[in-house]
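Have a look at the structure below before the remarks.
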Amino acid sequence: MENVMPNRRDFLRQTSLLSASLLASQIGLASGKPNPVILFTSGWQTVNIGDIAHTPGLIALLKKRLPQARLILWKRSRSETVEAMLMHHYPDLRIIHGNMVDNVPQSEEVKQAFSEADFFLHGSGPMVVVADYLEAWHAQTGHKVLVCPEMTYQVDIMDELLIDPLPADIKAKVVRRGYWLPDEATSVYAQAHTVLSF
């Protein structure tokens, strides 16, 4: 019998390109402009290399898919080192800071960015992107998916935001897992076909 399983690299490349294309087309359609101003929030913990990496990864994706867009990063944590790194690689990036209280921006630069922005992209909790991957995985392999949270608070929200909205045929292939510790996670990763971590 012929093996029709995609290899991991091809699968990840194809699904990430699909997600990137969907994101870019949604922003383009929503703004109605070839050169939208995109305000996005990211940069949660500078003590976490994964959190640091989210921001340049998103910037690279946006610049590749929407090269004419003007990007404003609403950075959630301050770090001169991280911000210098970002500005070195993306000198036209604008970085702003400020908090919200009762959904009202507390700094003038955030208020200004909101007035300029054609599109606001929230960089946390990428449940929609995960749902796209699950659908692509199901379509290409038919295999089950184990869904488990990175943080304890996600246990209470992942059904509502991720699993419940899935089509019934995909939901039937999803195995839900609560929060786990590294030894259990490692044993599962060692046997997994593919691991996607967000």
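Against the test of being open to solvent by 30 Å² or more (accessible area, probe 1.4 Å), at pLDDT 65 or above and not aromatic (Phe, Trp, Tyr), the options ILE38, ILE49 yield a single qualifying residue, ILE49.
Quickly run through the range 63-80 and pick out the residues that are open to solvent by less than 80 Å² (accessible area, probe 1.4 Å) and in contact with a strand residue (DSSP E or B) (Cβ under 6 Å, 6 or more places away or on another chain). Matches in the range 63-80: ALA69, LEU71, ILE72, LEU73, TRP74, LYS75.
Screening ILE96 against (1) at pLDDT below 80; (2) open to solvent by less than 50 Å² (accessible area, probe 1.4 Å) leaves a single unmet condition, (1). For the range 141-179, a residue qualifies if it is modelled with pLDDT under 80, assigned to a helix (DSSP H, G or I) and open to solvent by 70 Å² or more (accessible area, probe 1.4 Å), and the qualifying residues are THR152, TYR153, LEU161. The set of residues in the range 185-198 that are open to solvent by less than 70 Å² (accessible area, probe 1.4 Å), assigned to a helix (DSSP H, G or I) and of a type outside the set (S, T, N, Q) comprises ALA185, VAL188. LEU73 - would you say it is under 30 Å from MET158 (Cβ atoms) and at pLDDT 90 or above? In short, yes.
The values are calculated or read from the model by the stated rules, or taken from the named source; none is laboratory data. As the structure is a prediction and not an experimental result, all values here were calculated from the model. Neighbour counts run over all protein chains shown; Cβ positions are idealised from the backbone, glycine included. With ligands, DNA and RNA removed, areas are computed over all heavy atoms of the protein, side chains included. Shrake-Rupley method; radii C 1.70, N 1.55, O 1.52, S 1.80 Å.
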